[in-house]
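Let me begin by presenting the structure, written as structure tokens, before commenting on it.
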Amino acid sequence: MITRKILATLVISLVCTTSILAQGRLAEEADMAYQKGFYFNAIELYKKAYTVEKKASTKAELIYKVAESYRLLGDAAQAQVWYEKANKAQLEDPTGYFWIGEMLKQQGKYAEAIAAYNKYKEKRPNDMRAEAGISACQMAQKWKDDPTRYTVDPEVLLNTAQYDFTPAFADKKNETVVYTSTREASTGAETDQIVGEAFSDLFTSTRDRLGKWSEPVKLPITINTEGNEGAPIFNDKRTLLYFTRCPMEKKKVYGCDIYMSKKVGAEFSEPVKLELKPAGSKDDTLTVGHPALASTDDMLLFSSNMKGSGHVGGKDLYYVKLNAEGMPAGAPVNLGPEINTAKDDMFPFLRFDGSLYFSSSGHPGMGGMDIYRAEKSGDGKWGLVENMKFPLNSAADDFGIAFDGENDRGFFTSNRPGGKGQDDIWRFYMPDMVFALQGVAYDKMTSQPLANAKISVVGTNGSNFSAMTDENGGFNFAENGKDRYIKENTSYSILAEKEGYLVVKDQVTTVGLAESTTFVKEYFLQPATSDIVIKLPEVQYDLGKFDLRPEGKDSLETLYQTLIDNPTIIIELSAHTDSRDSDARNQILSQNRAQSCVNYLVTKGIDPARMVPKGYGESKLRISDAQIKAMKTKEEQEAAHQQNRRTEFRVLSYDYVPKDSPVVPPTTN
């Protein structure tokens, strides 16, 4: 993993299963290479030492050290193989089972990883790392099964079979990038003993209007040296370049520093080292790197393993204020335990809104390093760390995110499957959510499709559009030229109408939706002419009375809403009784009941000129007395009488002209 390279773990205590270091010249050389962080060299030396070692327990230790070197190099598959070999060689320490789980997790083999963690739990039941690993695998699988809306793809034209990573936008239009690569054109002929590749340089490429990248060109020798250069970032004006440089001298270990160079046209000035390490420090192996800039260019974030006040773990994130010349003004400040963990926290990036993106191997993740987002909570303070989840993150190492201005797109680096080589540059973007509204209008009485009905839509964003249904009653609001009718974070009021029918009103909203949606609707329009009677929900009265009961008022809400939705209709509101009284009394009772409905609707704000009360007594029975008498049970007969006691309405005309000032209904009944 190239993150071990640009900000390497250069001074590390040798992890071994016993306190006895490998014996013999080859083993001693391997131990020295390992301690310096030269894992590529250490692997070859440990393998050679193993072939000449005769003692079984020492052979098992050497195998384990090969596994450790592969792990720290970032090769999870080979590390898993060698941990398993160490276990088969009867290694006394069972820690290998834990690391097998970790390596399987970094390959996305979550079920197998859980099985390995469980084996380790059997041998070391008090080590909580296994339980944490199991929980992380379960969480990662859920994220993989339910991905976010981001789309990711490898940026093929920028990648090689070597390491390509951490691109930064180098021009105001964000069409040119500078990024890190160990490709064959890199400066110098030496091989980096950490990863066995060429030392990294900074390269630049520009994409044309069709999105095709030009052949990458190495930055000039003022920037690139025979050591490692990488992890670039430019200020807002694209006039200052900050980058990480790690000097190289054969078989020696040096730390890393951040340098700044002024850019004029295609030229770069001689870089100046930023003094960020503790004053008076004599530790040449301290590392400082991965610069990031606030949008105001007055703050620099970086990663370092330097110890001191506030240090949390392996590599922590720090910030330092910058002066007008872009140089440090004051001492670095640790971002604290909300951001930093006991492991490595690196590759910061600050968006235009102040939110912090970074990569970590310490926060809960999917396998290797994951990308996280933190909210800005004050000057130099961030919190509420959130994993960016799949597919931005994977079981592999994901790091070095860079956003394209204020757009929700950009680049990041990953060594996941699907790339060209080791670490590769991947592009990402958040696709627009696509919404549509479609459906069919029907005649409510016949259930047949209703052609030439008008469907009108008004959005809270000020949009207003309509269409007529086709011969099959269908309508569809999807594409509107190059635009869309239905937009994100908008609510829409819908009106379905046709002459001779009552309107239907509806609403849909895209507010709060997290995925593309097509709203599918069916609208049943009620025919409404003078010869069509429309039944209302049951309006109940006490026996022989016409005063509305509370539940009767509730039933009239349907008619009230119909009158509101159809502001030009004039209706006849009719009441009917059963036959169990005299014709005269039933006629009076029904008229009073019709009038009580009108009176109630008037209190709700409906103009009485829109309503004609009409009592029909028992003159229009739905079920005759003879039919009722023939029914077998009292319950059936009573239900039939109830059907005869009904309230209905019909539309007399559409001639009502609403008054200029709308009637405001009372707040109470």
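The values are calculated or read from the model by the stated rules, or taken from the named source; none is laboratory data. Since we're looking at a predicted model, the values are computed, not measured. Because the Cβ atoms are built from the backbone with ideal geometry, glycine has one as well, and the counts that use them run over all protein chains shown.
Number of residues in the stretch 356-382 that are in contact with an Asp or Glu (Cβ under 6 Å, 6 or more places away or on another chain) and not in a strand (DSSP E or B): the value is 3.
Taking L495 as the residue in question, decide whether it is surrounded by 14 or more Cβ atoms within 10 Å (Cβ to Cβ), in the same structural domain as D443 (by TED's automatic domain parsing) and in contact (Cβ under 8 Å) with a residue 40 or more places away in the chain. Answer is yes for this residue. Can you confirm whether P147 is surrounded by fewer than 21 Cβ atoms within 10 Å (Cβ to Cβ) and more than 29 Å from R245 (Cα to Cα)? Spelling it out, P147 is indeed surrounded by fewer than 21 Cβ atoms within 10 Å (Cβ to Cβ) and more than 29 Å from R245 (Cα to Cα). Scan the stretch 174-213 for residues that are surrounded by fewer than 21 Cβ atoms within 10 Å (Cβ to Cβ) and either under 18 Å from V288 (Cα atoms) or among the aromatic types (F, W, Y) (or both) and the total you get is 1. Out of curiosity, is Y46 closer than 26 Å to N387 by Cβ and crowded, with 16+ Cβ neighbours inside 10 Å? Answer is no for this residue.
Quick check on K55: is it out of contact with any Asp or Glu (no Cβ under 6 Å at 6 or more places or on another chain) and surrounded by fewer than 20 Cβ atoms within 10 Å (Cβ to Cβ)? Steps first, answer last, please.
Numbers: out of contact with any Asp or Glu (no Cβ under 6 Å at 6 or more places or on another chain): yes; surrounded by fewer than 20 Cβ atoms within 10 Å (Cβ to Cβ): yes.
When the stated conditions are applied, K55 passes them.
Considering the stretch 90-115, and only residues there that are surrounded by 19 or more Cβ atoms within 10 Å (Cβ to Cβ) and among the aliphatic types (A, V, I, L, M), the residue that is farthest from G133 (Cα to Cα) turns out to be L91.
For the stretch 259-312, a residue qualifies if it is of a type in the set (A, V, I, L, M) and over 18 Å from D236 (Cα atoms), and the qualifying residues are V272, L274, L276, A279, L286, V288, M306, V312. Taking the listed residues S359, S377, the one that is closer than 30 Å to G310 by Cβ and either loosely packed, with under 15 Cβ neighbours inside 10 Å or aromatic (F, W, Y) (or both) is S377, with no other qualifying.
Of the candidates D483, D542, D554, the single residue that is in the same structural domain as S590 (by TED's automatic domain parsing) and loosely packed, with under 13 Cβ neighbours inside 10 Å is D542.
In the set (1) more than 26 Å from the chain's Cα centre (by Cα); (2) over 12 Å from W382 (Cβ atoms), M366 fails one condition alone, (1). Here's a check for you: in the stretch 58-74, which residue that is charged (D, E, K, R) and either touching a strand residue (DSSP E or B) at 6+ places or on another chain (Cβ under 6 Å) or surrounded by 22 or more Cβ atoms within 10 Å (Cβ to Cβ) (or both) is farthest from Q35 (Cα to Cα)? So the residue we want is E61. Within the stretch 109-119, none of the residues are outside the structural domain of G418 (by TED's automatic domain parsing), closer than 26 Å to G37 by Cβ and assigned to a helix (DSSP H, G or I). Step by step: first the residues of the stretch 214-228, then only those that are modelled with pLDDT of 95 or more and buried (at least 16 other Cβ atoms within 10 Å of the Cβ), then the one that is nearest to the chain's Cα centre (by Cα). Which residue is that? Ranking the qualifying residues of the stretch 214-228, first place goes to P216. The set of residues in the stretch 153-173 being among the aliphatic types (A, V, I, L, M) and surrounded by fewer than 19 Cβ atoms within 10 Å (Cβ to Cβ) consists of V156, L157, A161. Give me the pairs, please: first residue somewhere in the stretch 377-388 and closer than 10 Å to L335 by Cα, second residue anywhere and aromatic (F, W, Y) and crowded, with 17+ Cβ neighbours inside 10 Å, beta-carbon distance under 6 Å, and either six or more positions apart or on two chains. Going by the 6 Å Cβ cut-off, the qualifying pairs are G380/Y319. Looking only at residues in the stretch 523-562 that are charged (D, E, K, R) and within 17 Å of Q642 (Cβ to Cβ), the one that is farthest from the chain's Cα centre (by Cα) is K545.
If the condition is being in contact (Cβ under 8 Å) with a residue 60 or more places away in the chain and either of a type in the set (D, E) or not in a loop (DSSP other than H, G, I, E, B) (or both), then the stretch 575-599 contributes A575, D578. Specify the residue that is surrounded by the fewest Cβ atoms within 10 Å (Cβ to Cβ); the eligible residues are those in the stretch 26-43 that are at pLDDT 85 or above and of a type outside the set (A, V, I, L, M, F, W, C). Per the stated criteria, the residue is E28. Inclusion of G410 among residues that are assigned by TED's automatic domain parsing to the domain that holds D171, surrounded by fewer than 24 Cβ atoms within 10 Å (Cβ to Cβ) and of a type in the set (G, A, S) is warranted. Where strands (runs of 3 or more DSSP E) sit wholly within the stretch 172-286, those with at least 2 residues that are in contact (Cβ under 8 Å) with a residue 24 or more places away in the chain, over 21 Å from E155 (Cα atoms) and hydroxyl-bearing (S, T, Y) occupy 240-246.
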